[in-house]
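Student: Supplied in structure tokens, the structure appears directly below.
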Amino acid sequence: MTRDTMETNGRGNRTMENIAYIRQMLAELRLVAENEGADMLCYLIEMAYVEAGDVQSGRRSLSINHVQRNKTTRVPL
């Protein structure tokens with residue numbers, strides 16, 4: 001589903017709002033990590049922030065499920 005198609009329906013609008021919210025929270029978390037001197041966390045949070053921006057702008061799809069790959073096993077938390 002393209003970004004234009006997603007934006008024409010309610011679910012797509014809600015999805016893009018959620019992505020925008022996630023991106024905003026990531027920016028705040030990045031500041032916290034930076035203040036704590038957590039360089040690796042800063043880097044990882046920044047990568048997630050960039051990814052969310054790419055999804056918002058339509059440069060990257062929301063999911064990679066359409067690609068044929070071997071599924072990884074989930075790591076129990």
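Student: Whose amide H sits under 5 Å from the amide H of R60, counting only residues 5 or more places off or on another chain, with H placed in the peptide plane?
Tutor: V55
Student: Quick check: residue separation of R14 and L62 times 0.36 nm, minus the Cα distance between them. What number comes out in nm?
Tutor: Value of the extension gain: 16.0 nm.
Values in this text are rule-based calculations from the coordinates and carry no lab data. Just so we're clear, the structure is a prediction, and the values are computed from it rather than from any experiment.
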